[in-house]
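Worksheet for the structure shown next.
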Amino acid sequence: MKIAHISDLHLDANYKESNRMGTLQLLDYISDNNFDHVIISGDITENAESSAFELARNIFKKYNLLRPDKLTVTIGNHDIFGGVHLAEDVVNFPSKCRKTNFHQKVKEFAHYFRETFSKNIYNSDNIFPFVKELDDVIITGLNSIAYYSIYKNPFASNGKVSTSQIEQAGKILEERVSGSKRRIVVSHHHFKKDSNDNTTSSATLWQAVERQTMKLRNKKKIIKMLANIGNEYVLHGHLHESGSYKRKHIQFLNAGGSILGSNFGKLAVNEITVNSDGISHKITLIDKKKDLRLEENEMNTSIPSYLLHTKEICLN
């Protein structure tokens with residue numbers, strides 16, 4: 001089984017046109033190379049706006065991905081709280097975060113990509129955690145987004161995974177799925193060591209600030225719990241770079257540099273192969289096409305403008 005892992009698309013209907021073009025090129029590559037499944041580990045949108053979710057939804061539909069056997073998604077902090085575009089947003093952002101209904105935004109996220117959630121296995125009324133069973137692999141999806149706090153999470157970018165999420169996932173794995181399949185976890189936040197564990201004298205001020213505002217609480221405890229329920233790989237994004245690392249015998253893959261980050265100006269896809277012998281991976285870098293917009297127009301495959309500005313949907 002071939003799985004493509006990408007992350008941090010940061011799609012927006014009014015800004016970041018290059019992100020939309022990059023997403024189309026990534027999905028072109030995935031489609032051309034016959035991947036069986038796609039995993040996107042959060043920050044699908046930039047500002048959690050209905051128009052951005054509709055844009056993402058229609059892009060996925062174009063590539064026939066709105067199916068549970070073809071696509072698995074988890075939520076990112078930008079899919080709940082959004083981010084900052086303009087100078088005035090810096091001042092308004094804390095107020096926006098305080099007014100955000102966290103649980104409602106999670107429900108909206110699941111609704112926009114509802115087809116991909118339709119076969120997920122749950123242990124409660126919550127959307128996360130979920131477990132998805134495919135032919136060769138079992139995927140566990142976690143919500144790693146922390147609630148907004150002016151003191152503990154002032155940029156709405158830090159993460160937290162409750163122990164109850166992992167306990168619920170473990171119960172599902174024990175009671176309702178085949179024990180012989182390979183196990184993968186998908187979350188948004190990274191599990192790299194904190195800056196105080198891996199500080200270098202050459203670290204820039206911005207990198208230091210970024211590490212302090214993009215942290216996941218209690219990483220060591222979470223990693224131990226994930227290992228105890230048999231997980232071999234953890235896929236994530238959040239840090240805008242592509243890479244892999246190991247902690248406590250678990251392989252971690254970061255796809256945060258799929259579109260953004262320091263991949264020498266290239267796009268990136270984490271390619272994962274699952275078979276009876278185990279799981280293997282490689283990171284593929286793709287040259288960006290400067291003429292992708294022209295190719296879109298020639299093939300008449302661009303997203304119609306009327307789909308970029310849709311009204312807010314009502315959820316039951």
*Residue check for T45: in contact (Cβ under 8 Å) with a residue 40 or more places away in the chain and hydroxyl-bearing (S, T, Y)*: no
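Residue by residue, here is whether (1) surrounded by 17 or more Cβ atoms within 10 Å (Cβ to Cβ); (2) modelled with pLDDT under 90; (3) not β-branched (V, I, T) holds:
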{"residue": "S124", "(1), (2), (3)": "no, yes, yes"}
{"residue": "V131", "(1), (2), (3)": "yes, no, no"}
{"residue": "T140", "(1), (2), (3)": "yes, no, no"}
{"residue": "G159", "(1), (2), (3)": "yes, no, yes"}
{"residue": "I166", "(1), (2), (3)": "yes, no, no"}
{"residue": "G179", "(1), (2), (3)": "no, yes, yes"}
{"residue": "N196", "(1), (2), (3)": "no, yes, yes"}
{"residue": "T204", "(1), (2), (3)": "no, yes, no"}
*Residue satisfying condition, being among the polar types (S, T, N, Q) and closer than 23 Å to E54 by Cβ, within set Q104, Q168*: Q104
*What is the number of the single condition among (1) more than 24 Å from H190 (Cβ to Cβ); (2) open to solvent by 10 Å² or more (accessible area, probe 1.4 Å); (3) at pLDDT 95 or above; (4) in contact with a strand residue (DSSP E or B) (Cβ under 8 Å, 6 or more places away or on another chain) that F35 does not meet?*
(1)
*Index of the failed condition, L11 passing every other in (1) under 13 Å from F113 (Cβ atoms); (2) touching a residue at least 60 places away in the same chain (Cβ under 8 Å); (3) not basic (K, R)*: (2)
*Which one of E88, E108, E46 is among the acidic types (D, E) and open to solvent by 30 Å² or more (accessible area, probe 1.4 Å)?*
E88
*Looking at K96, is it surrounded by fewer than 19 Cβ atoms within 10 Å (Cβ to Cβ), among the basic types (K, R) and under 28 Å from P68 (Cα atoms)?*
no
*For the range 63-85, name all the residues that are β-branched (V, I, T) and open to solvent by less than 40 Å² (accessible area, probe 1.4 Å).*
T72, V73, T74, I75, I80
*Which members of the range 1-32 meet the condition of being among the β-branched types (V, I, T) and either assigned to a helix (DSSP H, G or I) or open to solvent by 10 Å² or more (accessible area, probe 1.4 Å) (or both)?*
T23, I30
*What residue, among those in the range 252-310 that are among the hydroxyl-bearing types (S, T, Y), at pLDDT below 65 and assigned to a loop (DSSP other than H, G, I, E, B), is surrounded by the fewest Cβ atoms within 10 Å (Cβ to Cβ)?*
T301
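The values are calculated or read from the model by the stated rules, or taken from the named source; none is laboratory data. Please read all numbers here as calculations on a predicted model, not as lab measurements. Because the Cβ atoms are built from the backbone with ideal geometry, glycine has one as well, and the counts that use them run over all protein chains shown. To get the accessible areas, we keep the full protein, side chains included, count just its heavy atoms, and leave off ligands, DNA and RNA. Shrake-Rupley method; radii C 1.70, N 1.55, O 1.52, S 1.80 Å.
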